[in-house]
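Notes follow the structure.
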Amino acid sequence: MLAESLFFSAVLFTIGVVGVLTRRNAIIIFMCVELMLNAVNLTFVAFAQVHGVAGQVFVFFVMTVAAAEAAVGLAIIIAIFRHRQTVNLQQINLLKG
Amino acid sequence: MPQGNYPLFYTFHFYLFGIVSVVSALLFVTRKSPVAAALWLVNTMFCLSALYVLLDAQFIAAIQVLVYAGAIMVVFLFVIMLLNLGHPSELADARGSGWKLAASAVGVVLLAEVFALTRARAPQTFALPPGYVGRDFAQQGAIAPIAGPLFTDYLLAFELTSILLLVAIVGAVVLGRRRVDAG
């Protein structure tokens, strides 16, 4: 089942990348990043079956980083929303002079 | 769990959950409403957790439901509803055709890479004998084979993770609080 897992994982990752490129809602883009992390986790678990259980330990760490990232990222989105009243990335151009 | 010749019910459920997860992910990136998108993503995560069970990772599957589908997605839904993102001006958020074209190109390149990779042979040098990990879990239970390396080989990473979580908590509180002094 290794090849099939890698296939599903790659398709999910591709969907995540396309989502990041085509959406403008900051929260949806953020969820697409989570989808990509999930796809990588599936790869880790699939390889853990072949190369030992360390892959599952890595999934554990990836989930922790994802949780931390979600907390900080959503706090940033809320802070931006307070300033701009929008989460549409085309209207958030703080670095443009 | 089974090695070599997979029974029909195993293969069937593997493909079932895999295809449902991919379809849910597609629905997730195409929904206009953020709440609907988030719920489709939850569905994807449940299907991935079922795939983890089929791949001998029962503990990771439980953690996936608890942390991803439970905690992280609830935080997402909470923020979506807190910011009240359902009104029509926020809904039409897909980018223009140029971006869509670029995204399709990137998607096609990535998928081509996938097919190239699945056709290539994985190196078998470091591969464990078939069924080794499954036997490990059958003998020691679902948690002990993960807890062993986590608290010995990866102890430093585990401790660093706790610092990361502390930093994330402090960062979220600092970023999320309302400024009272400097209006």
For peptide B:25-34, the mean count of other chain Cβ atoms within 10 Å per residue Cβ is 5
Any chance you could give the angle, 0 to 90 degrees and rounded to 10, that helix B:8-30 forms with the longest Cα principal axis of chain B?
20
Say each of B:R119 and B:T30 gets a label point 7 Å from the Cα, pointing the same way as Cα to Cβ; how far apart are those two points in nm?
2.8
Residue among B:A37, B:A144, B:A57 with the largest mean-square fluctuation in a Gaussian network model of chain B, springs linking Cα atoms under 10 Å:
B:A144
Nitroxide proxy distance, nm - points 7 Å out along Cα→Cβ at B:V174 and A:Q90:
3.5
Test item: Cα-centred dipole of the protein assembly as shown, Lys/Arg +1 and Asp/Glu -1 on Cβ, debye
940
What does the average come to when, for each residue of peptide B:38-48, you count the partner chain Cβ atoms lying within 10 Å of its Cβ?
3
For chain B, find the longest principal axis of its Cα atoms and tell me its angle to the long axis of helix B:34-54, 0 to 90°, nearest 10.
10
At 222 nm, what helix-only mean residue ellipticity would the protein assembly as shown give, in deg cm²/dmol to the nearest 500, using -39500 (n - 2.57) for each DSSP H run of four or more?
-24500 deg cm²/dmol
Could you give the angle, 0 to 90 degrees to the nearest 10, between helix B:73-82's Cα long axis and the longest principal axis of the Cα atoms of chain B?
10
Viscosity 1.567 mPa s, 4 °C: Kirkwood-radius Stokes-Einstein D of the protein assembly as shown over Cα pairs, µm²/s:
64
Equivalent-ellipsoid semi-axes (√(5λ), Cα gyration tensor) for the range B:1-86, whole Å, largest first?
30, 15, 5
Once every Cα of the range A:2-91 carries one equal point scatterer and solvent is ignored, give the base-10 log of I(q)/I(0) from the Debye formula at q = 0.17, 0.25, 0.26 Å⁻¹, two decimals.
-0.76, -1.17, -1.21
At a Förster radius of 22 Å, what calculated FRET efficiency corresponds to the Cβ-Cβ distance of A:A3 and B:A147, to the nearest 0.05?
0.15
Return the single residue from B:L26, B:L150, B:L165 with maximal mean-square fluctuation; model: Gaussian network over chain B, springs between Cα atoms under 10 Å.
B:L165
If you line up the Cα atoms of the range A:6-57 on their principal axes, what length do they span on each, largest first, in Å?
40, 20, 9
Residue among B:M45, B:M81, B:M73 with the largest mean-square fluctuation in a Gaussian network model of chain B, springs linking Cα atoms under 10 Å
B:M81
Exercise: per-residue mean of other protein chain Cβ atoms within 10 Å, B:10-17
1
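Quick note: the coordinates plus some simple rules give every number you see, no bench work behind them. Everything quoted here is computed from the prediction, not taken from an experiment. Virtual Cβ from ideal backbone geometry, glycine too; neighbours counted across all protein chains shown.
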